[in-house]
1. On the basis of being over 18 Å from ALA79 (Cβ atoms) and either crowded, with 18+ Cβ neighbours inside 10 Å or among the charged types (D, E, K, R) (or both), does LEU201 make the cut?
2. Could you please find all residues in the range 57-73 being in contact with an Asp or Glu (Cβ under 6 Å, 6 or more places away or on another chain) and among the hydroxyl-bearing types (Ser, Thr, Tyr)?
3. For the range 176-277, which fully contained helices (runs of 4 or more DSSP H) count at least 1 residues that are over 27 Å from PHE119 (Cα atoms) and under 24 Å from the mean Cα position of the chain (by Cα)?
4. Within the range 72-115, count every residue that is in contact with a helix residue (DSSP H, G or I) (Cβ under 8 Å, 6 or more places away or on another chain) and in a loop (DSSP other than H, G, I, E, B).
5. Counting only residues that are under 20 Å from GLY245 (Cβ atoms) and over 16 Å from the mean Cα position of the chain (by Cα), how many does the range 139-175 have?
6. Which one of PHE119, PHE55, PHE69 is without any contact (Cβ under 8 Å) to a residue 40 or more places away in the chain, surrounded by 15 or more Cβ atoms within 10 Å (Cβ to Cβ), of a type outside the set (Ser, Thr, Tyr) and in a helix (DSSP H, G or I)?
7. In the set ALA251, ALA244, ALA213, ALA189, which member is exposed (fewer than 14 other Cβ atoms within 10 Å of the Cβ), of a type in the set (Gly, Ala, Ser) and at pLDDT below 80?
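The values are calculated or read from the model by the stated rules, or taken from the named source; none is laboratory data. Computed from a predicted model, the values in this text were never measured in an experiment. Ideal geometry is used to build each Cβ from the backbone, glycine not excepted, and the neighbour counts take in all protein chains shown.
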Amino acid sequence: MAVEAAGPEAAGPGVELEPKRKYGPIDWWGGWRTCIIGCSAFLIVAVVIRIWQQFTALEAGLDSSSRDFTLQYRTLFYAEIAAVTIGTLAWWGYLVRKGREVVKVKASHEEQVRRIAVFWGLVGTASVIIYIAASFFPNQDGAWHQTLIRDTALTPNHIPMFFLFFPLATTITVGTYLYGRFWLPEVYAAEKGFPWSFFFLIAAAVTEMSQVAMNEWGHSLWITEEIFAVPFHWPFVWYGWLAAGIFALWAETIIRLLQIENEIEAPAAASVEEEVA
């Protein structure tokens, strides 16, 4: 899809536009940079933690009262809580502060396309985080706790799953909404109401995080075995259904891309009709 270059003349006199950028809206290091950096960063974090587990879990991760456990895993737990809390509040705060300024500026069609690419990058990053949180580490969790009895909720696989990637799912889904709210007002402006797509997706992340307490209560006082079909695991299925709202985000922004194409072609078609007339 062709897009016009950003410039004051693109929207008429007196209308402020975003400045011209070094990279094109869909260049790899343009709009897609968010997807490349975001997905790669969290995959690297997951791989590093998995390698760390390989060399420390059986030696230091079995007794939560030991000094080795404190050094190897309780320290990791504290670091995750601090990093996620500070990072989340800083990012959300930036999105709101910057977004209030961005939403006042008229964006060219080219800039809108770039923002949709960034938005898709955030959705892609959310997909990676949700996969790590809801697929890889839960399967590891089942294998670990079916063979080794937990003496605390802070086990080597719970620490990255429950206290890093589960909270990050909420961080990225809410942050993605804030980006759409301010950077894509044509789709997610406040006056359009709160979209069901984000309601389902954010509800999925919150459900998953809330389920941590139910999971630990159930395994401590009800069924100690790590059987995936136990009743207190059922809400994890609701999470999966709710997370399907992520697909609507692509559909909603694809519709906007088609509208942008029509808006670009309409003046050219009108001028051709005038010449013919």
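1. Details: over 18 Å from ALA79 (Cβ atoms): yes; either crowded, with 18+ Cβ neighbours inside 10 Å or among the charged types (D, E, K, R) (or both): yes.
Judged against the criteria, LEU201 is a match.
2. Within the range 57-73, just SER64 meets the criteria.
3. Values: elements: 185-188, 196-221, 235-243, 246-276.
Result: 196-221, 235-243.
4. Total satisfying the criteria: 3.
5. At the first step, the residues of the range 139-175 found to be under 20 Å from GLY245 (Cβ atoms) are 165-175.
Then drop every residue that is not over 16 Å from the mean Cα position of the chain (by Cα), which leaves none.
Result for the range 139-175: 0.
6. On the way: PHE119 fails: without any contact (Cβ under 8 Å) to a residue 40 or more places away in the chain; PHE55 fails: surrounded by 15 or more Cβ atoms within 10 Å (Cβ to Cβ).
Of PHE119, PHE55, PHE69, the one residue that is without any contact (Cβ under 8 Å) to a residue 40 or more places away in the chain, surrounded by 15 or more Cβ atoms within 10 Å (Cβ to Cβ), of a type outside the set (Ser, Thr, Tyr) and in a helix (DSSP H, G or I) is PHE69.
7. Numbers: ALA251 fails: at pLDDT below 80; ALA244 fails: at pLDDT below 80; ALA189 fails: at pLDDT below 80.
The unique qualifying residue is ALA213.
Quick grid of which residues meet (1) modelled with pLDDT of 95 or more; (2) touching a Cys at 6+ places or on another chain (Cβ under 9 Å); (3) aromatic (Phe, Trp, Tyr):
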| site | (1), (2), (3) |
| --- | --- |
| ILE26 | no, no, no |
| VAL48 | yes, no, no |
| ALA57 | no, no, no |
| SER65 | no, no, no |
| LEU71 | no, no, no |
| TYR78 | yes, no, yes |
| ALA90 | yes, no, no |
| VAL96 | yes, no, no |
| GLU111 | no, no, no |
